[in-house]
1. Can you tell me how many residues in the range 1-10 are exposed (fewer than 10 other Cβ atoms within 10 Å of the Cβ) and either polar (S, T, N, Q) or part of a helix (DSSP H, G or I) (or both)?
2. Does the range 27-55 hold any residues that are of a type outside the set (A, V, I, L, M) and open to solvent by 90 Å² or more (accessible area, probe 1.4 Å), and which are they?
3. Considering only residues that are over 23 Å from the mean Cα position of the chain (by Cα) and open to solvent by less than 100 Å² (accessible area, probe 1.4 Å), which ones fall in the range 104-131?
4. Could you check THR66 against (1) at pLDDT 90 or above; (2) part of a loop (DSSP other than H, G, I, E, B) and say which number it fails?
5. Report every pair of residues separated by at least 6 positions or lying on different chains whose Cβ atoms are under 6 Å apart, first residue within the range 69-80 and free of Cβ contacts under 8 Å to residues at least 60 places away in the same chain, second open to solvent by 70 Å² or more (accessible area, probe 1.4 Å) and basic (Lys, Arg).
Amino acid sequence: MYKKQLYLALAGVSVCFLPVIIPLVPKLGAYAEAERLKATEGLERKRIEERAKTSDALYEAGVMPTTRKLRITNYFDSSKRNPRPDPTLYQDDEIVDVFDASGRCIGRIEEGIWKWKHKAKEVCKSVQNIKPVRRK
(Lines give C-alpha, C1' and ligand atoms only; values in the text may rest on other atoms or scores of the structure.)
Protein backbone atom coordinates (compact mmCIF):
# COMPACT_ATOMS: atom_id res chain seq x y z
CA MET A 1 0.00 0.00 0.00
CA TYR A 2 2.75 2.45 0.93
CA LYS A 3 5.52 0.79 -1.09
CA LYS A 4 6.11 3.73 -3.42
CA GLN A 5 6.46 6.15 -0.53
CA LEU A 6 8.83 3.76 1.26
CA TYR A 7 11.05 3.40 -1.82
CA LEU A 8 11.07 7.18 -2.34
CA ALA A 9 12.05 7.69 1.31
CA LEU A 10 14.91 5.18 1.01
CA ALA A 11 16.09 6.83 -2.21
CA GLY A 12 16.03 10.25 -0.51
CA VAL A 13 18.00 8.97 2.49
CA SER A 14 20.56 7.28 0.23
CA VAL A 15 20.99 10.53 -1.75
CA CYS A 16 21.60 12.34 1.55
CA PHE A 17 24.30 9.83 2.55
CA LEU A 18 26.10 9.85 -0.82
CA PRO A 19 28.40 12.80 0.08
CA VAL A 20 29.50 10.83 3.15
CA ILE A 21 29.98 7.49 1.34
CA ILE A 22 31.73 8.68 -1.85
CA PRO A 23 34.90 10.04 -0.11
CA LEU A 24 35.21 6.78 1.86
CA VAL A 25 35.83 4.67 -1.24
CA PRO A 26 39.40 5.96 -1.93
CA LYS A 27 40.15 5.84 1.79
CA LEU A 28 39.24 2.15 1.88
CA GLY A 29 41.76 1.47 -0.89
CA ALA A 30 44.44 3.42 0.96
CA TYR A 31 43.63 1.56 4.18
CA ALA A 32 43.92 -1.81 2.43
CA GLU A 33 47.31 -0.76 0.97
CA ALA A 34 48.55 0.36 4.40
CA GLU A 35 47.51 -2.95 5.95
CA ARG A 36 49.27 -4.86 3.17
CA LEU A 37 52.46 -2.85 3.79
CA LYS A 38 52.25 -3.54 7.54
CA ALA A 39 51.91 -7.27 6.87
CA THR A 40 54.86 -7.22 4.47
CA GLU A 41 56.97 -5.27 6.97
CA GLY A 42 56.08 -7.71 9.74
CA LEU A 43 57.07 -10.65 7.54
CA GLU A 44 60.38 -8.96 6.71
CA ARG A 45 61.06 -8.32 10.41
CA LYS A 46 60.40 -11.99 11.22
CA ARG A 47 62.73 -13.04 8.41
CA ILE A 48 65.50 -10.78 9.77
CA GLU A 49 64.99 -12.16 13.29
CA GLU A 50 65.24 -15.74 11.96
CA ARG A 51 68.46 -14.88 10.13
CA ALA A 52 69.89 -13.39 13.32
CA LYS A 53 68.99 -16.55 15.27
CA THR A 54 70.58 -18.73 12.59
CA SER A 55 73.71 -16.59 12.58
CA ASP A 56 73.98 -16.79 16.37
CA ALA A 57 73.51 -20.56 16.30
CA LEU A 58 76.23 -20.93 13.63
CA TYR A 59 78.56 -18.72 15.65
CA GLU A 60 77.99 -20.73 18.83
CA ALA A 61 78.51 -24.00 16.95
CA GLY A 62 81.74 -22.69 15.43
CA VAL A 63 80.59 -23.18 11.86
CA MET A 64 81.87 -20.64 9.36
CA PRO A 65 79.32 -19.44 6.83
CA THR A 66 80.15 -20.03 3.19
CA THR A 67 81.11 -17.04 1.09
CA ARG A 68 81.09 -16.45 -2.60
CA LYS A 69 84.34 -14.47 -2.61
CA LEU A 70 87.91 -15.71 -2.42
CA ARG A 71 90.88 -13.41 -1.88
CA ILE A 72 94.40 -14.56 -2.67
CA THR A 73 96.50 -12.38 -0.36
CA ASN A 74 99.94 -13.31 -1.67
CA TYR A 75 99.14 -12.61 -5.34
CA PHE A 76 98.87 -9.39 -7.38
CA ASP A 77 97.23 -9.49 -10.80
CA SER A 78 99.71 -10.34 -13.55
CA SER A 79 99.08 -11.84 -16.96
CA LYS A 80 102.38 -13.75 -16.67
CA ARG A 81 101.49 -15.83 -13.59
CA ASN A 82 98.23 -17.72 -13.16
CA PRO A 83 97.40 -18.14 -9.42
CA ARG A 84 95.43 -21.37 -10.01
CA PRO A 85 93.29 -21.62 -6.85
CA ASP A 86 92.01 -25.09 -5.96
CA PRO A 87 88.46 -25.40 -7.39
CA THR A 88 87.85 -28.75 -5.68
CA LEU A 89 87.14 -26.95 -2.41
CA TYR A 90 83.82 -25.69 -3.83
CA GLN A 91 80.62 -27.40 -4.95
CA ASP A 92 79.84 -27.70 -8.66
CA ASP A 93 76.83 -25.38 -8.36
CA GLU A 94 78.79 -22.64 -6.53
CA ILE A 95 80.05 -19.53 -8.29
CA VAL A 96 83.02 -18.00 -6.46
CA ASP A 97 84.59 -14.67 -7.50
CA VAL A 98 88.36 -14.62 -6.93
CA PHE A 99 90.27 -11.43 -6.04
CA ASP A 100 93.95 -10.58 -5.65
CA ALA A 101 95.53 -8.80 -2.67
CA SER A 102 94.63 -5.38 -4.06
CA GLY A 103 90.94 -6.32 -4.26
CA ARG A 104 90.70 -6.55 -8.07
CA CYS A 105 88.82 -9.40 -9.70
CA ILE A 106 91.17 -11.94 -11.26
CA GLY A 107 88.78 -14.74 -12.13
CA ARG A 108 85.95 -17.02 -11.14
CA ILE A 109 85.47 -20.61 -10.02
CA GLU A 110 82.36 -21.82 -11.81
CA GLU A 111 81.06 -25.39 -12.11
CA GLY A 112 84.26 -26.62 -10.46
CA ILE A 113 86.44 -24.97 -13.13
CA TRP A 114 88.92 -22.10 -12.59
CA LYS A 115 88.38 -19.33 -15.16
CA TRP A 116 91.17 -16.76 -15.23
CA LYS A 117 90.37 -13.28 -16.55
CA HIS A 118 93.39 -13.24 -18.87
CA LYS A 119 92.13 -16.37 -20.65
CA ALA A 120 88.33 -15.95 -20.36
CA LYS A 121 87.78 -12.26 -21.13
CA GLU A 122 84.17 -11.85 -19.94
CA VAL A 123 84.68 -13.27 -16.43
CA CYS A 124 85.21 -10.06 -14.42
CA LYS A 125 82.97 -7.67 -16.40
CA SER A 126 80.09 -7.59 -13.89
CA VAL A 127 82.12 -8.08 -10.69
CA GLN A 128 82.69 -5.14 -8.36
CA ASN A 129 86.15 -4.86 -6.79
CA ILE A 130 86.54 -5.16 -3.02
CA LYS A 131 88.66 -3.28 -0.48
CA PRO A 132 92.39 -4.03 -0.58
CA VAL A 133 94.23 -5.84 2.22
CA ARG A 134 95.86 -3.47 4.72
CA ARG A 135 99.09 -4.68 6.27
CA LYS A 136 100.77 -3.09 9.25
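1. Selection size over the range 1-10: 3.
2. Let us first name the residues in the range 27-55 that are of a type outside the set (A, V, I, L, M), namely 27, 29, 31, 33, 35-36, 38, 40-42, 44-47, 49-51, 53-55.
Selection gives LYS27, TYR31, ARG36, LYS38, GLU41, ARG45, LYS46, ARG47, GLU49, GLU50, ARG51, LYS53.
3. Passing the criteria: ILE106, GLY107, GLY112, ILE113, TRP114, LYS115, TRP116, LYS117, HIS118, ALA120.
4. THR66 satisfies every listed condition except (1).
5. ASP77/ARG104
The values are calculated or read from the model by the stated rules, or taken from the named source; none is laboratory data. Everything numeric in this text was worked out from a predicted model, so none of it was measured. Cβ sites come from the backbone with ideal geometry, for glycine too, and all protein chains shown count toward neighbours. Remember, those area values only see protein heavy atoms, side chains included, never the ligands or the DNA or RNA. Shrake-Rupley method; radii C 1.70, N 1.55, O 1.52, S 1.80 Å.
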